[in-house]
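The values are calculated or read from the model by the stated rules, or taken from the named source; none is laboratory data. As the structure is a computational prediction, the values presented were derived from the model and not from experiment. Cβ atoms come from the backbone with ideal geometry, glycine included; neighbour counts cover every protein chain shown.
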Amino acid sequence: MAETFPVIPDPKNPKKNQLKLEGDIVNISDSFNNERMKEVFFNAGVMIDGNVVTIKTKPDYKGQLSPLKSIIFKGEVAEEFYINDEKQKKQWGYLKGAKAEPRESKSGFKYDFKEGAMIFPDSLDKPSRTIITGEGGHSPSRFKHVIETKKGLRRLVPVELERLNMFPDNHTEFDGVTNAKRAFLMGNALVIGIVEKLGATLKKRDNEK
């Protein structure tokens, strides 16, 4: 993975940290999200026997980038994919937005719930986020993709999800397979290009033996 998709220390923010995680998993879990830990971990790292090295990195890639707009379907989109109901728009906005609120579990345990905001709607000029198995269906969700179109906000259609994973158009279109199921299949799939590049690296290593 490191050879196929290399990274370099972030030149604008070259942060690095070393630490040792001690105690049992319960103690580590209880302290993981406190303010001290937020300043400890960066976007890459490795842990061996509790010894952690973590560093701020960026992709070492100079090739072409494919923004979300490059896979947008140009044809007619069914009304079921649009979010025109004002109540639903508010639900989507709430789920995608930042939160800091008290909550209570079914067992009566009270806790403070916090989560950061997500871009809403998704930016067409940037790469997409990861597709999840729950991408399909009309119900509001924090993790489903939503884009702005001339006809208003809408979810991604199955063909767009197929394109994000680099599958042929309508690869999942079969009799009896619903749009929600097609989205589930793409959420459960791997990006073809990633598998292809990893395979090339493995083949190269095998040839070098």
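Quick one: would you say ARG142 is basic (Lys, Arg) and out of contact with any Leu (no Cβ under 8 Å at 6 or more places or on another chain)? Taking the combined requirement at face value, the residue does not satisfy it. Could you list, in sequence order, the residues of the range 85-124 that are in contact with a Lys or Arg (Cβ under 9 Å, 6 or more places away or on another chain), of a type in the set (D, E, K, R) and under 24 Å from GLY152 (Cβ atoms)? Result: LYS96, ASP122.
For the range 68-95, the set of residues classified as without any contact (Cβ under 8 Å) to a residue 24 or more places away in the chain and either surrounded by 15 or more Cβ atoms within 10 Å (Cβ to Cβ) or in contact with a Ser or Thr (Cβ under 7 Å, 6 or more places away or on another chain) (or both) is empty.
From the list ASP206, ASP125, the one residue that fits, being acidic (Asp, Glu) and at pLDDT 95 or above, is ASP125.
Taking the listed residues PRO140, PRO158, PRO121, the one that is within 18 Å of the chain's Cα centre (by Cα), of a type outside the set (S, T, N, Q) and more than 25 Å from GLN64 (Cα to Cα) is PRO140, with no other qualifying.
For the range 162-209, filtering for residues that are part of a helix (DSSP H, G or I) and not basic (Lys, Arg) leaves 22.
When the criteria are applied in full, GLY50 fails the requirement of being on the phi > 0 side of the Ramachandran plot and surrounded by 15 or more Cβ atoms within 10 Å (Cβ to Cβ).
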